[in-house]
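Only one structure is covered here, and it is reproduced in the block below.
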Amino acid sequence: MSRFLDIPVDADCLRLAAAGDREAQRLLYGQVAGPVFALIRRMVVPRAAAEDVFQDCMVSLLRSLPTYRGDAPFGAWVRQIAIRQCLMHLRSPWQRARRALVAVVAGDEMDELPAHEPRVEAPAPELLDVERALSCLPDVARSVVWMFDVEGMSHEEIAAVFGRSVSFSKSQLSRAHALLRDHLAEPATPSVVVRPELSAQGHAP
């Protein structure tokens, strides 16, 4: 279940924080920081990058408080800001270039290994846990599976976040589940978070 649903809402605290009251902002920060950082860490794998996105997200959240009108639950509103910051990071030209550079450098390092030094093989699939399997997913697939399976967002909501179609969300989720099954090597492993209705959508093994 999404931790954002458990964020307490105090109308007076929100009003004061939106008006710039430092104590109210501090209290609000403490209430939302945990769920926000947990979500960001699932969408942005490198910890240093996740911490940068978190700081940007909290600044954006506090600046945006005057625009919150209560049309949606406060937790859902906070979640949208966090997801938007994650996607801005993942879509930036610098991040795409950085990921490509890391891949090239990693390949060069493997080529330069001495002939007598054995290459370290990837751990056997049965030793991979869900945390590691999730980190192996492509950025978009990992984000979609987290939004759907953990945050409980619908395909329509996910599609709106990405500005794509519902079929895009469904195909990304199907791809993510398939990759997770491959990594974990046990389709029915109890540690994988899969919502019951997936079987009706053809995503369950």
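The numbers here are math on the coordinates, done by the rules we state, and not lab data. Note that the structure is predicted; figures quoted are calculated from it, not measured. With ideal geometry, Cβ positions are generated from the backbone for all residues, glycine too; neighbour counts draw on all protein chains shown.
If only residues of the stretch 149-174 that are touching a residue at least 12 places away in the same chain (Cβ under 8 Å), in a helix (DSSP H, G or I) and among the aliphatic types (A, V, I, L, M) are counted, the one that is nearest to Arg84 (Cα to Cα) is Val161.
Those helices (runs of 4 or more DSSP H) of the stretch 22-92 in which at least 3 residues are touching a residue at least 60 places away in the same chain (Cβ under 8 Å), considering only elements entirely within it, cover 22-43, 74-91.
For the stretch 77-89, a tally of residues being surrounded by fewer than 19 Cβ atoms within 10 Å (Cβ to Cβ) and farther than 24 Å from Val45 by Cβ returns 0.
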